[in-house]
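One structure below.
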């Protein structure tokens, strides 16, 4: 009894402020913190390499991209005096002589810079995004600008007709700010009208919105296809003994292990107009020689090929969820009087929802940004938004527009993810 | 089992055999009859075929040959959902995506009952297991014992006449298990339902059942009420499987009606009751329950054979003393005595003489 009393007293020792302390007198809270610090530090060390990698190669580039979609330094840097002089311009008549003089001063100053540092080239490219022919106006003027004499207004208008048009000056005034929305305006198939309001573009110049919609529709179709094909096979796999399940799983995973180029050539062999499938259908008389199916270089090609590639991303989460559903649930449902189909619908299927959600989100998000397959087998109608982004980065070199399109895609995916989270809840996702 | 008796039962297995691979029989010629309102337990070690029998009755396995009858009608070709048999599963199999109420409503819903009638029945079933307050909880929010009650309520809510239970208490701790044993028997008797209960726990079988069928090797070894099963095992397997048991091997020396004398392998003579032996000279294994071993000569017949025993260990267990003896070369011979004021507490090394009433020592078959 005496022993028990003693230990109880030591266990409940407190300091002057009534806080619990350990037997050597340190406050219990601090002692615990100290004991945990080492563990926390080790945990951080384990995470640190990946964290650094993600920050440098993922978070930073994305931030960089989003910055590029609004960054607009070209006009501000090249034409500081002109912008100054344009401040009070009303935009209804051509600017007066003082503005042209300022423009002359800006351009002459630029000519005096080393060739590498000249700002006139980027300026021409930037203005050309807003107004075609602006680039040639700038470069032609730059060649002779050092010989201009007052009055500069006439000299500029002689050098290129664009200097006598309100449109160019409006663009310079509107875009003469360090940040711009114009890339987003263009990415959403809009443009500025004469009053500076954002309006829809001509019907025949609208590309991106319909491309976004097509990307969404194709991604949904691909997600739906992988679900329709993946659910039965995942169910079958989950009912098999481990030995056979693993063997079949290899077959399911085969797309992962085959080079994309090999697969693409295989699809071309299979799907083209003179390909295996068409030949077969013609030979057995299902279609006539003149009505061969277009299975490639269109949306059908994109859907077939991407469904094939992304199928494992649907099957794996489904399989891992289905494996954890014990057969006794179905038995219980049947013993309670449910027909096999009711038992499946009411008891089995709802329990696979976390897998369907995870698989669906994976396939949808991957396919919405997929680039290479649509580029190879998609043709014109099977192109997706990522192909357009790639074109702007590699060919038209309009990185601002590419960044705006990419940012819109990113925001769109995040919005859909948020919506999914609201409707279903991400805590119910099971990726494997 | 007599054919006439079999056809009277509510549940009848008539010559049922089951094989999974076409080479070995898991269930060998099973004949069993369960009366209406009876609580029958299928008891046996794992792999003895008891669960297979239950699954055949529920309809999840088909009998390879033979007939299963429910209320006089053959059900071999009736699918499980049309049999109307309530079932409690080993891990409860409560649907995790439904609340308790929805779980109980499920069998009523698939039977097309209206909402108000459903709710009435759900509440009645929940009150039956004292879980009325949990109707809106999910199974994951319940303890094991609570889930067990819900599973029971779900199996009973659609008022089946037959309920099957597949080791339903296996996952509970000892105290809860004992409590649930009592509740299940009470419910089964109050509602008058026929129950077929599968377990490998003999205490459960003895305390709950009207009749116990002991399974081994795909056959029923003995089918009797618990007291008969315990006190009059018909063969060595049952004697060994049910309760604690001392065995001694020997040869039958003489048989006189209900009494025989067995000469043990060491030459000692003991009294026994012939059960599985018929003639002198037959090898036998006798079986005596530890609590029927007697060291006090005053309680034995004067002409009873006594046998020498050496005390190896004395364990004080509170209500009883457990004395381990060396008898005729068997060092695991146990004597259980009640902790009475006049009871002798033996010390290791003591040499004593023990005996028993001839009817308590059963001369059974001698397994090879």
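The values are calculated or read from the model by the stated rules, or taken from the named source; none is laboratory data. Small disclaimer: the values here were computed from a predicted structure and weren't measured. Cβ: placed from backbone, ideal geometry, glycine included. Neighbour counts: every protein chain shown.
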Practice problem: Would you mind finding the one in A:349, A:364, A:344 that is touching a residue at least 40 places away in the same chain (Cβ under 8 Å) and in a helix (DSSP H, G or I)? | Solution: A:364
Self-check item: Single match in B:237, B:333 (criterion: touching a residue at least 40 places away in the same chain (Cβ under 8 Å) and within 28 Å of residue B:47 (Cβ to Cβ))
Solution: B:237
Self-check item: Any chance residue B:169 is in contact (Cβ under 8 Å) with a residue 24 or more places away in the chain and within 25 Å of residue A:341 (Cα to Cα)
Solution: no
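Would you please name the residue that is nearest to the chain's Cα centre (by Cα), looking only at residues in the stretch B:114-141 that are within 14 Å of chain A (Cβ to nearest Cβ) and under 25 Å from residue B:83 (Cβ atoms)?
Step by step, filter the stretch B:114-141, then rank; the result is B:125.
Residues of the stretch B:96-108 being in a helix (DSSP H, G or I), within 7 Å of chain A (Cβ to nearest Cβ) and out of contact with any strand residue (DSSP E or B) (no Cβ under 9 Å at 6 or more places or on another chain), which ones?
B:106
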Quiz item: When residue A:218 is evaluated against the numbered criteria (1) within 34 Å of the chain's Cα centre (by Cα); (2) within 23 Å of residue A:400 (Cβ to Cβ), which criterion, by number, is the only one it fails?
Solution: (2)
Quiz item: Taking helices (runs of 4 or more DSSP H) that do not extend beyond the stretch A:88-147, which have at least 1 residues that are at pLDDT 90 or above and at positive phi?
Solution: none
Quiz item: Got a sec? Which of B:100, B:88, B:78 is in contact with a helix residue (DSSP H, G or I) (Cβ under 6 Å, 6 or more places away or on another chain) and more than 26 Å from residue A:354 (Cα to Cα)?
Solution: B:88
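Out of curiosity, is residue B:344 part of a loop (DSSP other than H, G, I, E, B) and over 30 Å from residue B:222 (Cα atoms)?
yes
Among the residues of the stretch A:301-315, is there at least one that is in contact (Cβ under 8 Å) with a residue 12 or more places away in the chain, in the same structural domain as residue A:248 (by TED's automatic domain parsing) and more than 22 Å from residue A:234 (Cβ to Cβ)? Let's see the steps before the verdict.
Keep residues of the stretch A:301-315 that are in contact (Cβ under 8 Å) with a residue 12 or more places away in the chain, which gives A:301-315.
Within this subset, residues satisfying the condition of being in the same structural domain as residue A:248 (by TED's automatic domain parsing) are A:301-315.
Now narrow it down to the ones that are more than 22 Å from residue A:234 (Cβ to Cβ): A:301-302.
Within the stretch A:301-315 (the criterion being in contact (Cβ under 8 Å) with a residue 12 or more places away in the chain, in the same structural domain as residue A:248 (by TED's automatic domain parsing) and more than 22 Å from residue A:234 (Cβ to Cβ)), the answer is yes, since at least one residue qualifies.
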Quiz item: Got a sec? Which helices (runs of 4 or more DSSP H) wholly within the stretch A:17-82 have at least 1 residues that are within 26 Å of residue A:397 (Cα to Cα)?
Solution: A:60-68, A:73-78
Quiz item: Just to be sure, is residue A:329 farther than 18 Å from residue A:213 by Cα, touching a helix residue (DSSP H, G or I) at 6+ places or on another chain (Cβ under 6 Å), part of a helix (DSSP H, G or I) and within 10 Å of chain B (Cβ to nearest Cβ)?
Solution: yes
Quiz item: Only one of A:213, A:198 is farther than 26 Å from residue A:324 by Cα and assigned by TED's automatic domain parsing to the domain that holds residue A:357; which?
Solution: A:213
Quiz item: Of (1) touching a residue at least 24 places away in the same chain (Cβ under 8 Å); (2) surrounded by fewer than 16 Cβ atoms within 10 Å (Cβ to Cβ); (3) more than 7 Å from every other protein chain (Cβ to nearest Cβ), residue B:111 satisfies all except one. Which?
Solution: (3)
Exercise. Search the stretch B:56-82 for residues being surrounded by 19 or more Cβ atoms within 10 Å (Cβ to Cβ) and outside any strand (DSSP E or B), and hand back the single one that is farthest from the other protein chains (Cβ to nearest Cβ).
Key: B:63
Practice problem: Select from the stretch B:297-310 the residues that are touching a residue at least 40 places away in the same chain (Cβ under 8 Å) and either over 24 Å from residue B:366 (Cα atoms) or not in a loop (DSSP other than H, G, I, E, B) (or both) and list them in ascending order. | Solution: B:297, B:300, B:301, B:307, B:308, B:309, B:310
Practice problem: Quick one: in the stretch B:85-95, of everything that is within 7 Å of chain A (Cβ to nearest Cβ) and part of a loop (DSSP other than H, G, I, E, B), which residue is surrounded by the most Cβ atoms within 10 Å (Cβ to Cβ)? | Solution: B:93
Practice problem: Report yes if some residue within the stretch B:265-285 is in a strand (DSSP E or B) and surrounded by fewer than 17 Cβ atoms within 10 Å (Cβ to Cβ); otherwise report no. | Solution: yes
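For every residue, the table says whether it meets (1) within 13 Å of chain B (Cβ to nearest Cβ); (2) within 24 Å of the chain's Cα centre (by Cα); (3) surrounded by 20 or more Cβ atoms within 10 Å (Cβ to Cβ).
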site: A:335; (1), (2), (3): yes, no, yes
site: A:349; (1), (2), (3): yes, no, no
site: A:379; (1), (2), (3): no, yes, no
site: A:386; (1), (2), (3): no, yes, yes
site: A:405; (1), (2), (3): no, yes, yes
site: A:410; (1), (2), (3): no, yes, no
site: A:413; (1), (2), (3): no, yes, no
Quiz item: Would the stretch B:150-158 turn up any residue that is away from every other protein chain (no Cβ under 14 Å) and buried (at least 21 other Cβ atoms within 10 Å of the Cβ)?
Solution: no
Quiz prompt | Flag if residue A:374 is within 14 Å of chain B (Cβ to nearest Cβ) and either part of a helix (DSSP H, G or I) or within 23 Å of residue B:57 (Cβ to Cβ) (or both) | solution = no
Quiz item: Is one or more of the residues making up the stretch A:297-307 within 14 Å of chain B (Cβ to nearest Cβ) and part of a helix (DSSP H, G or I)?
Solution: no
